[in-house]
Amino acid sequence: MTEITMKASDNLNIVIVGHVDHGKSTLLGRLYADTGSLPDGKIEKVQAICRQQGKEFEYAFLFDAFLEEQEQGITIDTARTFFAWKGRQYIIIDAPGHKEFLKNMISGAARAEGALLLIDALEGVKEQSKKHGYLLSLLGVRQFAVVVNKMDLVGYRQDVFDGIEKEYREFLGQFKAVPQQIIPVSAKLGDNIANRSEQMLWYKGPTVLDSLGAFKKEPGRSEQPLRMPVQDVYKFDARRIIAGRVTAGRVKVGDSLVFSPSNKRATVKSIEAFNVEPLPVEGHAGQTVGITLDEQIFVERGEVASHQEQLPLVSTAFRANVFWLGRKPLERGRRYQLRVATKEVDCEVAAIHRIIDTMDLAQQQGSNVVNRNQVAELTIRAKVPVAFDLSVSFEATGRFVLVDEYDIAGGGIVTELVHDDQEFLREEARQRDFAWVKGEVGVEDRAQQYGHRAAIVLVTGGRHAGKSFLAKKIEARLVADGRHAYLLDGGNLRRGLDADLSEGERGQAAEMARRYGEVARLLVDTGLIVISTTNPFGLAYSEAAQAIRTLVHPVPVIAIHMSKAPEEAPPNTDIVLSGPTDFDEATRQILEELKRRGVLAQAIGAKPTFQYSI
Amino acid sequence: MQHLRQLEDQSVYILREAYKHFDNLAMLWSMGKDSTVLLWLARKAFFGHVPFPLLHVDTSFKIPAMIEYRDRVAREWGLQLVVGQNKEALAAGMNSSMGRVTCCTALKTNGLKQLIEQKGYTGIILGVRADEEGTRAKERYFSPRDKHGDWDFRDQPPELWDQFKTTFPPGTHIRIHPLLDWTEINIWEYIKAENIPFIDLYLDKGEGTRYRSLGCAPCTTPIQSTAKSVDDIINELRHTTTAERSGRAQDEGRGMELLRKDGYM
């Protein structure tokens, strides 16, 4: 029997890319035929259709599943097919090269562990040859061979091949990409595919199949520091399982984990699995796992678990290289959904630094939009802090997609952390949380006992908008309902905790806001619902509110903005009250919001049963 | 073995993404080997639980042993089973003699569409594999269907890394395909590795024939085979160059392309 009958002990995802009509489907058909991987009768069936349609048979037709394709003569979408050769199963993604179909090429290449990039010897290096080469690099496909096809059409001449090799290597060199091999072939006639060409004795390198055989499985991501983005939290039975894929490193029973950006910490109690005896004690990169923790901490989808020594970056902003596939151009200032690993959050494009022309890698500046199929360097700003990595260090947590309306419209890699104004406070909070000494009573114990979670109700706005009055009303209402609530009036800090501040420091609000935030943090740790106003900060309420948010993170903050006339509320405001206020209605709205956010989980008097997996 | 575990991890990841993002989710279960492996993977993903209903579109022409198997497994594993049937078409006498594509469209495609509409499902998990036949090779893991259940295969949204299409306009739904990367051999190797109970129509019981692919009785023919165990099947598949669905009449000509564009599974 041939190689196909050997047990495939290994597998590799391969993508075939290149300019339209440079022979990708033909190469694929040839790879199948030469490895004996076609089902019986397949060639005969396609030959029959060709006869019927009055066409000459081509290997390319083997993969044209749709009638439209046979009419157009091009492959339409990423087709997944398989063949086996010398103990390895190849999952081939036949990526089309037509310009309109770039998104399919990208979908294919994003899953690939290796690539073959085709260039037509007769036509030479074309636009898509360059674009695909550049995108492979951007998508992180470092392992690829360049296949110079249709050598039969140039009389198998070495000088033609050498010219293409020189030109293309120079292009790739500009972004430091190096192909494994550059191979002269004729896919149609089978030269240098499985068998060495009799026509090109001047070529001493490997055939296409030998070259594929030399591609390695991806390098050991398991040896990197741990990254495990939380996918979901399950409570189907007595176990509270945190599910996620380990994207780098290893997670072991007994490991102390930090969840970013919340900075929550806990120890891995068990790794759960179905139909596995005994249960595993470790999960490594690539595996989807479920862990239980020694403590009932509140973590949710989007956080990234790591070890404390090697934390991911946290910020609201980063710089990135992005390719855009959307129907509408990407616009500066427009809202998109950002997805980094499992985190989904609203974002905007804060700056378009430049558009990169993939034809000559020239950079074009001063654009406010990125059009479909363009690549650009951007700064992205998210609504809340996100945990991520630079793509040079970590693959999975260093890349992201942007969703426009309902569709994934672009993808990119993180190139740089952008510092935001909360950086110092965020670091303070992180260090403080790591060093925090806990008693026997945990946050969840308090929540069970009190029948509600801790939260901050923060009322912002200018002077005389009724903030204090509303704050007092909410406090009174919550306490009347049997909740544990406390009005933290900033004025009370002035002559005590803030007594040492100079006039200048009082004027700037920054240090006052920091102290206020730390006091609020202490109070919410006691399990209270803290009601506060930004009264002491005057018109700097927006900055103060942001600082308080950073310091109490990840406790929920319910933000209410009050003003006499309509005005712009600070970012992330939940309820806007402008004009004359109906305080009873406002209180009702705030209580509703507290319920919606899971702070007031059930009615008073009911036995507290918290659903942790919100 | 390592490859099987990688496939398992990817499928489990997809199932968990589906469960997280779709409030009204269901899984199609035809009791065949693929959707039974899919069901098993759901139990893997959710630690022994199946937190969504299983749908069976009953054409009334299924092989009786399949229905017995369905009810037994559903009972033993505590599954929530939803059976749908295009009763109108059956009452009007629909059967395969009226044309295979016509019959599949009425009893399966339309049966499924009716079920989706009645129950308002926004996500349907299916066990289709890319290597089964050409149109399935073009699928995404998360594949949108419009208001009529139609599939626009020429303009599919991109699918990048582990990010899938999980948002969609009202009135449309998403087909989710966790088994896309599995091959027929992978399915049997996994059944063996996990010791998954499967329906014995796939085995030869001494007559020298077995089913390789299961569908409706009138349109599915057994193959010549003496495979009496999972090991025999795996061994047989390693040596065959006959297509898996060669016993499925609906694949003839352009059947599957036409069916799938209109919302067939």
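When the strands (runs of 3 or more DSSP E) confined to region A:290-409 are screened for residues that are away from chain B (no Cβ under 14 Å), those reaching at least 2 such residues are found at A:304-306, A:313-324, A:343-356, A:363-365, A:375-388.
Filtered by the rule that a residue be in contact (Cβ under 8 Å) with a residue 60 or more places away in the chain, in a strand (DSSP E or B) and more than 10 Å from chain B (Cβ to nearest Cβ), region A:243-289 gives A:248, A:258, A:260, A:264, A:265, A:284. Would a scan of region A:51-58 turn up a residue that is crowded, with 21+ Cβ neighbours inside 10 Å, more than 9 Å from chain B (Cβ to nearest Cβ) and at pLDDT below 80? No, there is no match, as no residue in region A:51-58 is crowded, with 21+ Cβ neighbours inside 10 Å, more than 9 Å from chain B (Cβ to nearest Cβ) and at pLDDT below 80.
Looking at this structure, is residue B:177 touching a Phe, Trp or Tyr at 6+ places or on another chain (Cβ under 6 Å) and more than 9 Å from chain A (Cβ to nearest Cβ)?
Details: touching a Phe, Trp or Tyr at 6+ places or on another chain (Cβ under 6 Å): yes; more than 9 Å from chain A (Cβ to nearest Cβ): yes.
Judged against the criteria, residue B:177 is a match.
State yes or no: is residue B:227 away from chain A (no Cβ under 12 Å), touching a residue at least 40 places away in the same chain (Cβ under 8 Å) and either surrounded by 14 or more Cβ atoms within 10 Å (Cβ to Cβ) or on the phi < 0 side of the Ramachandran plot (or both)? Reasoning before the result, please.
Numbers: away from chain A (no Cβ under 12 Å): yes; touching a residue at least 40 places away in the same chain (Cβ under 8 Å): no; either surrounded by 14 or more Cβ atoms within 10 Å (Cβ to Cβ) or on the phi < 0 side of the Ramachandran plot (or both): yes.
No, not satisfied.
Conditions tested, residue by residue: (1) modelled with pLDDT under 95; (2) of a type in the set (D, E, K, R); (3) over 27 Å from the mean Cα position of the chain (by Cα).
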position	(1), (2), (3)
A:188	yes, yes, yes
A:194	yes, no, yes
A:239	yes, yes, yes
A:252	no, yes, no
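Looking across region A:432-464, the residues that are closer than 28 Å to residue A:544 by Cα, surrounded by 13 or more Cβ atoms within 10 Å (Cβ to Cβ) and among the small types (Gly, Ala, Ser) come down to A:447, A:454, A:455, A:461, A:462. For region B:186-218, a residue qualifies if it is within 11 Å of chain A (Cβ to nearest Cβ) and either within 26 Å of residue B:58 (Cα to Cα) or buried (at least 21 other Cβ atoms within 10 Å of the Cβ) (or both), and the qualifying residues are B:186, B:189, B:196. Taking each residue of region A:30-48 that is on the phi < 0 side of the Ramachandran plot and within 11 Å of another protein chain (Cβ to nearest Cβ) and looking for partners that are buried (at least 18 other Cβ atoms within 10 Å of the Cβ) and assigned to a loop (DSSP other than H, G, I, E, B) with beta-carbon atoms closer than 7 Å, six or more apart or interchain, yields A:39/B:243.
Among the residues of region A:413-431, are any surrounded by fewer than 23 Cβ atoms within 10 Å (Cβ to Cβ) and within 14 Å of chain B (Cβ to nearest Cβ)? Yes, region A:413-431 has at least one match. Residues that are small (Gly, Ala, Ser) and either buried (at least 24 other Cβ atoms within 10 Å of the Cβ) or at pLDDT 95 or above (or both) do not occur anywhere in region A:80-94.
State yes or no: is residue A:164 assigned to a helix (DSSP H, G or I), buried (at least 21 other Cβ atoms within 10 Å of the Cβ) and more than 29 Å from the chain's Cα centre (by Cα)?
Yes; evaluated as a whole, the condition is true for this residue.
Yes/no per residue for (1) in contact (Cβ under 8 Å) with a residue 40 or more places away in the chain; (2) under 18 Å from residue A:522 (Cα atoms); (3) of a type in the set (S, T, N, Q):
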{"position": "A:424", "(1), (2), (3)": "no, no, no"}
{"position": "A:428", "(1), (2), (3)": "yes, yes, no"}
{"position": "A:438", "(1), (2), (3)": "no, yes, no"}
{"position": "A:441", "(1), (2), (3)": "no, yes, no"}
{"position": "A:444", "(1), (2), (3)": "yes, yes, no"}
{"position": "A:457", "(1), (2), (3)": "yes, yes, no"}
{"position": "A:460", "(1), (2), (3)": "yes, no, yes"}
{"position": "A:465", "(1), (2), (3)": "yes, no, no"}
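Examine region B:47-60 for a residue that is under 18 Å from residue B:128 (Cα atoms), of a type outside the set (Lys, Arg), within 14 Å of chain A (Cβ to nearest Cβ) and outside any loop (DSSP other than H, G, I, E, B), and state whether such a residue exists. No, there is no match, as no residue in region B:47-60 is under 18 Å from residue B:128 (Cα atoms), of a type outside the set (Lys, Arg), within 14 Å of chain A (Cβ to nearest Cβ) and outside any loop (DSSP other than H, G, I, E, B).
Please work out if residue B:122 is within 14 Å of another protein chain (Cβ to nearest Cβ), surrounded by 17 or more Cβ atoms within 10 Å (Cβ to Cβ) and modelled with pLDDT of 80 or more. Yes.
Residues to consider are A:513, A:509, A:520, A:547; find the one that is modelled with pLDDT under 85 and more than 24 Å from residue A:585 (Cα to Cα). Give the derivation first.
Working: A:513 fails: modelled with pLDDT under 85; A:520 fails: modelled with pLDDT under 85; A:547 fails: modelled with pLDDT under 85.
Result of the check over A:513, A:509, A:520, A:547: A:509.
Hey, among the residues in region B:15-25 that are surrounded by fewer than 22 Cβ atoms within 10 Å (Cβ to Cβ) and more than 10 Å from every other protein chain (Cβ to nearest Cβ), which one's farthest from residue A:244 (Cα to Cα)? Only one residue fits best here, namely B:24.
Condition check ((1) surrounded by fewer than 22 Cβ atoms within 10 Å (Cβ to Cβ); (2) at negative phi) across all residues:
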residue	(1), (2)
A:509	yes, no
A:518	yes, yes
A:523	yes, yes
A:530	no, yes
A:535	yes, yes
A:538	yes, no
A:546	yes, yes
A:551	no, yes
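Considering A:513, A:520, which residue is without any contact (Cβ under 8 Å) to a residue 40 or more places away in the chain and assigned by TED's automatic domain parsing to the domain that holds residue A:486? Step through it out loud before you land on a result.
Details: A:520 fails: without any contact (Cβ under 8 Å) to a residue 40 or more places away in the chain.
Of A:513, A:520, the one residue that is without any contact (Cβ under 8 Å) to a residue 40 or more places away in the chain and assigned by TED's automatic domain parsing to the domain that holds residue A:486 is A:513.
Residue check: is residue B:147 among the charged types (D, E, K, R), in contact with a strand residue (DSSP E or B) (Cβ under 8 Å, 6 or more places away or on another chain), assigned to a loop (DSSP other than H, G, I, E, B) and in the same structural domain as residue B:83 (by TED's automatic domain parsing)? No.
Contact map, region B:77-100: first residue without any contact (Cβ under 8 Å) to a residue 60 or more places away in the chain and under 21 Å from residue B:67 (Cα atoms), second residue of a type in the set (A, V, I, L, M) and part of a loop (DSSP other than H, G, I, E, B), Cβ cut-off under 6 Å, separation 6 or more or different chains; pairs are B:79/B:50. If you go through region A:186-245 and keep only what is crowded, with 22+ Cβ neighbours inside 10 Å and charged (D, E, K, R), you end up with A:191, A:227, A:245.
If you go through region B:125-144 and keep only what is in a loop (DSSP other than H, G, I, E, B), more than 8 Å from chain A (Cβ to nearest Cβ) and farther than 23 Å from residue A:231 by Cβ, you end up with B:128, B:129, B:132.
Taking (1) free of Cβ contacts under 8 Å to residues at least 60 places away in the same chain; (2) crowded, with 19+ Cβ neighbours inside 10 Å; (3) farther than 17 Å from residue A:595 by Cα in turn, residue A:485 satisfies each apart from (3). Listed by position, the helices (runs of 4 or more DSSP H) inside region A:495-610 whose residues that are among the β-branched types (Val, Ile, Thr) and over 35 Å from the mean Cα position of the chain (by Cα) number at least 1 are A:583-596.
Checking each residue in region A:222-237 for being touching a strand residue (DSSP E or B) at 6+ places or on another chain (Cβ under 8 Å), away from chain B (no Cβ under 13 Å) and at pLDDT below 95 picks out only A:224.
The values are calculated or read from the model by the stated rules, or taken from the named source; none is laboratory data. In this text the structure is predicted, and so the values were computed from the model without any measurement. Neighbour counts are summed over all protein chains in view; Cβ atoms, including those assigned to glycine, are modelled from backbone coordinates with ideal geometry.
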